[in-house]
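Encoded as structure tokens, the structure appears first; notes follow it.
Since every read-out is calculated from the coordinates, none of them should be taken as a lab result. Keep in mind it's a predicted model, so treat the numbers as computed, not measured. A quick note on method: Cβ atoms are made from the backbone with ideal geometry, for glycine too, and the neighbour counts reach across all protein chains shown.
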Amino acid sequence: MVEHLKSWKTAVPDLPEVNFDLTPEIAFNEIKDLSVAVFRKLLSNDEVYNQILLTLFPESKTLRLLLNYFKNKELPIYLKLSELLEKRLR
């Protein structure tokens, strides 16, 4: 995936805005309902988190909204996601 994104970056002349923290509420509303499995994979993989998520959310505003969302769910699987994300945000 990372290699594909690198080649895509060189192939696209004008990159669209990829800082989703410019509108964190909109970004949050668009991704909050992704499956738990997707979030687990994104948050568990160091390379994906560091190279992709931190590029898309450089100020972590959207990620902090997700953290609060996960904590408020109060289901064990969401609490696990909140623990993973909280460790990443430190």
Proximal aspartates and glutamates to residue 87, defined as alpha-carbon separation beneath 13 angstrom and excluding residues fewer than eight positions away on the same chain: 46
- prompt: Hey, what D do you get for the chain in µm²/s if you plug the Kirkwood alpha-carbon radius into Stokes-Einstein at 37 °C and 0.692 mPa s?
  reply: 237 µm²/s
field: Exposed-site-free run, longest, the chain (rule: GluC sites (Glu not before Pro); DSSP loop; at most 12 other C-beta within 10 Å)
entry: 18-73
query: At a Förster radius of 30 Å, what calculated FRET efficiency corresponds to the Cβ-Cβ distance of residue 56 and residue 77, to the nearest 0.05?
result: 0.85
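Between residue 89 and residue 10, how high is the FRET efficiency from 1/(1 + (r/R0)^6) when r is the Cβ-Cβ distance and R₀ = 30 Å? Nearest 0.05.
It comes out at approximately 0.45.
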